[in-house]
Structure formats: structure tokens, C-alpha cells
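The next block holds one structure in the form of C-alpha cells; read it before the comments.
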Amino acid sequence: PLFLYGGVGLGKTHLMHAIAWAIREKWPDKPIVYMSAEKFMYRFIAAIRSQNTMEFKEALRSVDVLMVDDLQFLLGKDSTQEEFFHTFNALVDAGKQIIISADKSPADLSGLEDRLRTRLGCGMVADIHATTFELRIGILQAKAAAARVDVPAKVIEFLAHKITSNVRDLEGALNRVIAHAQLLGRPINLDGTQEAISDLLRAHDRRVTIEE
């Protein structure tokens, strides 16, 4: 098992998607299932209501790789945790792979059953750090290339320097810059960028007061 934690925003989700694509590229026929912990819970509840839990169990335990994102969503949900525990055990015992992400390490997830915490920590546990300036540049360049839009290097660097909270905000800022320029029929430049995301810049530059 591989447990990913930490990071910001969509970092873990992007990494899990990248892992899934890498697996599919190397083993095209290997069945992979990716879902959020929230979706796991809702599918489990739906299976109980329809009295079809066996089909739910078989669908997840027949895959070669199960990827579950944002496990912290299951904290305090004992019945769903128990089902996830049994699914986890079944896959590991069958020699299959399970990849999980959460906002904290297994040891720091309060509200998680001890037996599940122990199982989650038995494999590789990796801390996903916040994005670096270079990584943010790469993300923006890839996003601009995918959109087939020419974004000047100065604008890319400006966004990467100013928007450091998470990948979601970073990509959202670039989308706004592109949409703003297209709406006004202008080329993308630094002045237009500052105008398009002025509210984001104010939020990121805001200082916390002593009273707060």
C-alpha cells in the first residue's frame, strides 16, 4: 500500500492521476479504480439500501489497483471505515495495490480506527510537500499549452510568484487571465493579468492583524 499525505489543494489528486496514467501506460489491461472517500461511502450506503453489498464488494475487490482520495472524509464514520478496512485487507492479501491520500499522516488522523491506522501505516507513507516556484511554473506552462494560448513568460512567473496557496487557485487564476484577455480582445500581458485577478492578489497579500 502507498499512503500520500500533506500537500495543498489538488496536489495529491494530480499525483494520484499521474500514477494511474503511468500504470495504465505500462500495463494497459490492468483494471484500476479511482474514487474519493466520499464516493466510496455513498456507493457503500447505496449498496446497503439496495441490498446489493456483495456486488459492491466484488466490484472493488476484483481490481488490481484501488485508489481512494481524501480518506479523512471517513473519520467518525465507523460502518464505512469497517467496510474500507475489509476491502483494504482483501486487496492486500490478494497481492493487489491500494493507493490512498489524506490531508494528514495515518498517525495524525484522529477519529480513525486503530486497526485501520495500523494497516495504513504498514506500507509506504509519503509526505507530499507544498508546490515549489519551479513546479508552479511547470503547471502553468502545461495548462497554457493544453489551452493552446500564448502566455508570456513574465505573466507565468508573476502568477507562480503570487498564487502560492494551492494548485486549484493557480489554475483558476490562469483561466481568469485567459478569459479576461479573450473577452476584451487583448493580448495577455502583465497589466491585464493584474486587472483580471486583482481580488486574488488582495487576498494573498492580506496581512493578519494582531486582533485576529
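Checking each residue in region 1-42 for being open to solvent by 50 Å² or more (accessible area, probe 1.4 Å), under 29 Å from residue 172 (Cβ atoms), in contact with a helix residue (DSSP H, G or I) (Cβ under 8 Å, 6 or more places away or on another chain) and free of Cβ contacts under 8 Å to residues at least 60 places away in the same chain picks out 34, 38.
All of 167, 149 fail the test of being in contact (Cβ under 8 Å) with a residue 12 or more places away in the chain and buried (at least 19 other Cβ atoms within 10 Å of the Cβ), apart from 167.
Of all residues in region 80-122, those satisfying the criterion of being under 20 Å from the mean Cα position of the chain (by Cα) and among the β-branched types (Val, Ile, Thr) are 98, 99, 100. Residues in region 92-103 that are in contact with a helix residue (DSSP H, G or I) (Cβ under 7 Å, 6 or more places away or on another chain), at pLDDT 85 or above and more than 10 Å from residue 66 (Cβ to Cβ): 101, 102.
Hey, could you check region 119-139 for residues that are part of a helix (DSSP H, G or I) and surrounded by 12 or more Cβ atoms within 10 Å (Cβ to Cβ) and say which is modelled with the lowest pLDDT? Out of the qualifying residues, it is 135. Only residues that are part of a loop (DSSP other than H, G, I, E, B) and under 24 Å from the mean Cα position of the chain (by Cα) were counted in region 140-189, giving 5. The number of residues in region 52-107 being free of Cβ contacts under 8 Å to residues at least 60 places away in the same chain and assigned to a helix (DSSP H, G or I) comes to 28.
The values are calculated or read from the model by the stated rules, or taken from the named source; none is laboratory data. No experiment lies behind these values; they were computed from the predicted model shown. As a convention, Cβ positions derive from the backbone with ideal geometry for all residues, glycine included, and neighbour counts pool all protein chains shown. What goes into the accessible areas is simple: the full protein's heavy atoms, side chains included, and nothing from ligands, DNA or RNA. Shrake-Rupley method; radii C 1.70, N 1.55, O 1.52, S 1.80 Å.
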